[in-house]
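Report on the structure given below.
What follows draws every value from the coordinates through simple rules; no lab data is involved. Please read these numbers as outputs of a predicted model, since none were measured by experiment. Methodologically, a virtual Cβ is constructed for each residue, glycine included, from the backbone with ideal geometry; neighbour enumeration extends over all protein chains shown.
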């Protein structure tokens, strides 16, 4: 259905609509919200990785001057054991509640235990120290393979493994084991001339958004709750708060403020129900903010994992079989992204004989949350380095290997569905023909690596309303919070339909009472699905405008044409009006026009990318320096190419951080020891070169302009690409992330 | 002893008086007392630069300065950068270069870039990267931010030479 034509707005680079507010400091983020009579809330967190709560005494805190309320898990209503839809993933409501305020046990250091509302933040902090919690400290289990052992400390004594659909009879930390299979694995490996099997470990990493979580809640005596906050999805906040506090969704209004990064980490709620509970107790608005340490220790990172991949290929480069074993840390409650890892691990390739086993395992770490293509990066680190080893053994260029083995439209993936059309070969060719790949890399301890990354993308639900203004502009109301320029990308799709400039659209991200249901800004879906809804809303406006023109000109609507921004009649009475001219005459033809569009598109169109990186390894320090970086990606159609490039560059750099520096470092008590931006080191400007982002456009047939989501894919390839480059540089295959100086020196046998 | 300190200072060229607790940081004073929320809290311990402001010509993290220390000093914040009818060239350059995504780090980066260009109008790419290494951005990968500062340097230095 993708139209192929010269667009007037789509593909251009206008100034984003929210840009001025954001460069002047005027944009209001969640923590910037102020209101009269505001109280300030702070949260007491578990100092232990694993402990039973024997008692909580809040009396001294309640008596502290300036304190207005204290809440604990006892203040929760009883809820049913059921699954809530979080937009990008789902969770058990009791687990959600228990994660917000611990009931019987604390399951990780940083687990929320109690909260205080006071007249100012410092008073609230003082009061936290007056809450007396008695713990019975238990042994923690931190690593996935340790947690899978028999006799490991159990997080949930009543948890039984879901073993491929059957409940096991013994308690375990393994929440589930699933398997995907196709073809004949033994036959496939028999046909191989070369078989490579390796095992890999990755550590817990955090999304690292710069803005900590925040929430201000006001509960009115009529039962109406309002929450102002930063979130990736106002409607999922409404849903979760409603479930956790057992309030009807219609009584919860969520006002999304500007959001300072999310990357998947601002979907699950932590302090929003707490702000609400404190407001219920005090009758006042309560603002709760997290500190940076709270964010690291108390919010969902992405899992550490153990991955084993075995692949076989013929000497002329055909993959004959592939097997993967994926064990992922879910954190304190079930729900790691191992499922997504399983469908991404081999999905770029045609693999007729394959088996993938996935294990979802609880450990004493924060409940994991989505992080940009959740699960795929862990899996690709393994699969894409095994492929590099195969290429080396058979003497084949790794890009030619990828072109040869690329999955074609209709090829069946190991987890069942057929591969949709996606520009894998095109991205590999773009990398192959790029000056970077053509340039020789010289010098000692230097190497070049490549890897690809695949993400299926998501569609999900969006709503958009468009109001026509008499001066020929439109206001566009949407439910998708704007984290990276989506107001512009969505507005531009409506502008294209109506033949008006992007600047003639005023986009607004509305609260949950003011716009139709909209899923989270996540799953790379906003430019795709909310853009689709905007397209539909604009089509609705167009049709209504055609009817108005027909009325004005006293012709049939069928005789009015709209092309290149101009309405014209075609039945002999030559009349013409552009959008602006007709908008000025709405009053005489029936009054206001409101266009509506909803979307739940089922063909999001996967996105795939191929990254090329040059590194230099310092043999004395083990430090890996990125010398040059090029990332290609199929964007389908880039609505605003600058922000598509930005997604590719930013994702690549998050992947570089994951590859080289980032990890939660734990001591033997299961305590994270590096919960600050000084010690959890995300990349700085000085660590990096420019990132060359190459947009490839193979239109997605499931979108009117051919859009594919682009946000998540770029994080997947970097760790594998860098590991492959490090191998070329120093002859050592790194099998652990991050490839920090210490790990590199160790692998080199120097320490 | 009074629980609050009386401070007289200059913010964005205007005389300002306020009361603050001795324990309140400049960032808290800006945000909670004066409602200048352009400076953001990302870490509250000097690692992210989201609260960058210029104090007597020197780039500082406002989370590491006490509010009481502002007495008699002169402070520049993001709120004072634009003229009523015109953005500062660095602000324009950030918009033109799409040098922001979520925007939470943007005020800090713009103040840091201003402090750089005030003292080094023609920085190299390395100098820009070195100077901005105290400001963390998680969205952009820095590419477009560095280009925006390069663009702004060209604009401001050509304005000076013209």
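How do A:436, A:703, A:40, A:611 line up, fewest other C-beta atoms within 10 Å first?
Numbers: A:436 16, A:703 28, A:40 23, A:611 32.
Fewest to most other Cβ atoms nearby, the residues stand as A:436, A:40, A:703, A:611.
Roughly what percent of Cα-Cα pairs across the range A:166-302 reach past 24 Å? Please list the in-between numbers first.
Numbers: 4741 of 9316 pairs.
Pairs farther apart than 24 Å: 51 percent.
Let me have the relative contact order for chain B, percent, based on Cα pairs under 8 Å that are six or more residues apart. Working shown, then result.
Working: 284 pairs, mean separation 37.1, N = 162.
Over chain B, the number comes to 23 percent.
Using the Cβ-Cβ distance between residue A:513 and residue A:246 with R0 set to 25 Å, the FRET efficiency works out to roughly 0.80. Taking the DSSP bridge list for the range B:5-80 and keeping only pairs wholly inside it, about 90 percent are antiparallel. Using a cutoff of 8 angstrom between alpha carbon atoms and counting only pairs six or more residues apart, the relative contact order for chain A works out to 16 percent. Once the chain from residue A:146 to residue A:618 is taken as fully extended at 0.36 nm per residue, the excess over their C-alpha distance is 166.6 nm. Of interest is the spacing of the C-alpha centroids, which for the range B:55-124 and the range A:237-313 amounts to 31 Å. The range A:413-442 to the range A:665-730: how many Å between their Cα centroids? The range A:413-442 and the range A:665-730 have Cα centres spaced 17 Å from each other. If the viscosity is 0.692 mPa s and the temperature 37 °C, what Stokes-Einstein diffusion coefficient in µm²/s follows for the range B:89-161 when Rh is the Kirkwood radius over Cα pairs? Using the Kirkwood radius from Cα pairs, D works out to 277 µm²/s.
Counts of other chain beta carbons within 10 angstrom of each beta carbon in peptide A:204-210 average 4. In terms of other Cβ atoms within 10 Å, A:235, A:33 run from fewest to most in the order A:33, A:235. At R0 = 51 Å, how high is the FRET efficiency between residue B:6 and residue B:83 if r is their beta carbon distance? Nearest 0.05 is fine. Efficiency for this residue pair is about 0.95.
Taking Rh as the Kirkwood radius, which is the inverse of the mean 1/r over Cα pairs, what is the Rg/Rh value for the range B:5-80? Numbers along the way, then the final one.
Details: Rg = 10.9 Å, Rh = 11.9 Å.
So for the range B:5-80, dividing Rg by the Kirkwood Rh gives 0.91.
A simple spin-label model places the labels of residue A:63 and residue A:580 7.2 nm from each other, with each point 7 Å out along Cα-to-Cβ.
Solvent-free Debye calculation, one equal scatterer per alpha-carbon of the protein assembly as shown: log10 I(q)/I(0) at 0.04, 0.05, 0.07, 0.10 Å⁻¹ equals -0.18, -0.28, -0.57, -1.18. DSSP beta bridges confined to chain A are antiparallel in about 75 percent of cases.
What's the ranking of A:495-504, A:57-66 by average number of surrounding C-beta atoms within 10 Å, highest first? All intermediate terms of the calculation are to be shown ahead of the outcome.
On the way: A:495-504: 21.6, A:57-66: 14.7.
Those peptides, ordered most packed to least, come out A:495-504, A:57-66.
Between residue A:181 and residue A:90, residue separation times 0.36 nm minus the direct Cα-Cα distance comes to 30.3 nm.
Distance between the pseudo-spin-label points of residue A:325 and residue B:155 (7 Å out from Cα toward the beta carbon): 5.8 nm. As a proxy for reagent exposure, ranking A:6, A:587 by other Cβ atoms within 10 Å from fewest up yields A:6, A:587. Taking every pair of alpha-carbon atoms in the range A:45-165, give the share separated by more than 21 Å as a whole percent. Cα-Cα pairs in the range A:45-165 separated by more than 21 Å: 50 percent.
Across the range A:379-412, the residues whose backbone nitrogen lies under 13 Å from the label position 7 Å along the beta-carbon direction of residue A:314 are A:405.
Counting only DSSP beta bridges with both residues in the range A:289-438, the antiparallel share comes to about 55 percent.
Suppose the chain between residue A:104 and residue A:469 were pulled fully straight at 0.36 nm per residue; how much longer would it get relative to their current alpha carbon spacing?
Working: separation 365, 0.36 × 365 = 131.40 nm, distance 5.65 nm.
The residue A:104-residue A:469 span can extend by a further 125.7 nm.
In terms of Cα atoms, the Rg and Dmax of chain B work out to 16.0, 56 Å.
Placing pseudo-labels 7 Å out from each Cα toward the beta carbon at residue A:556 and residue A:198 gives an inter-label distance of 6.9 nm. Distance from the C-alpha centroid of the range A:588-650 to that of the range A:470-532: 18 Å, rounded to the whole angstrom.
Return one quarter of the surface area of the convex hull spanned by the alpha-carbon atoms of the range A:515-628, equal to its mean projected area, in nm². Don't skip to the end; give the middle numbers.
On the way: hull surface 51.4 nm².
That works out to 12.8 nm².
Sorting the segments A:339-349, A:286-296 by their residues' average number of neighbouring beta-carbon atoms within 10 angstrom, most packed first, yields A:339-349, A:286-296.
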